[in-house]
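The values are calculated or read from the model by the stated rules, or taken from the named source; none is laboratory data. It should be emphasised that the depicted structure is a prediction, and the values quoted were computed from it without experimental measurement. Cβ sites come from the backbone with ideal geometry, for glycine too, and all protein chains shown count toward neighbours. The area values use the complete protein model at the heavy-atom level, side chains included, leaving out ligands, DNA and RNA. Shrake-Rupley method; radii C 1.70, N 1.55, O 1.52, S 1.80 Å.
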Amino acid sequence: MATSTPNLDKSLDDIISSKPKNNRRGSGRGGHSSARRNIIGNPRTEGGLNRTPRSTPPTTGRPAVPSGNKIIISNLPLDVSEREVTELFSTTVGAVKECNINYDHAGHSKGSASVIFNRSGDALQAYNQYNNRLIDG
């Protein structure tokens, strides 16, 4: 019983290089496989969405300014309580609706908190008043 094995005497590298490259399943990292293209079409040329390559959004050189009624505080001393944060912002900025300090799995403060104000203008005022400032230090 003779079977035809023409590639038996070739090295694996020779076999791979002799195969056509368009016979591979996907086009590598970031590419779209032919099976996906058959189902949804070629996303680069078809469809209703205009796909553009990912790029970084334009920046103005300034940090983001809060536009709602919530601010995030970081670099808090680990012994600061929610009551102290609420008291500080209530007396210097405006009424605080909610204050939450973030804790790790062991119950220790992570040194960050979120504060939600009753009025959205108070968040901007707190940002302008306390951003990059050392408090009680």
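In segment 96-137, what residues are of a type in the set (Phe, Trp, Tyr) and open to solvent by 70 Å² or more (accessible area, probe 1.4 Å)? Don't jump to the end; show me each part of the working.
The first filter runs over segment 96-137 and keeps only residues of a type in the set (Phe, Trp, Tyr), leaving 103, 117, 127, 130.
Scanning segment 96-137 gives a single hit, Tyr103.
Filter segment 74-86 down to residues that are in contact with a strand residue (DSSP E or B) (Cβ under 9 Å, 6 or more places away or on another chain) and not in a loop (DSSP other than H, G, I, E, B) and give me whichever is surrounded by the most Cβ atoms within 10 Å (Cβ to Cβ).
Across segment 74-86, the extreme among qualifying residues is Val85.
Each row is one residue, and each column tells you yes or no for (1) modelled with pLDDT under 90; (2) polar (S, T, N, Q).
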| site | (1), (2) |
| --- | --- |
| Asn50 | yes, yes |
| Pro57 | yes, no |
| Ile71 | no, no |
| Tyr103 | no, no |
| Ala106 | no, no |
| Ser109 | no, yes |
| Ser114 | no, yes |
| Ser120 | yes, yes |
| Leu134 | yes, no |
Tell me yes or no: at least one residue of segment 88-109 is farther than 15 Å from Ile135 by Cα, in contact (Cβ under 8 Å) with a residue 12 or more places away in the chain and of a type in the set (Ser, Thr, Tyr). yes
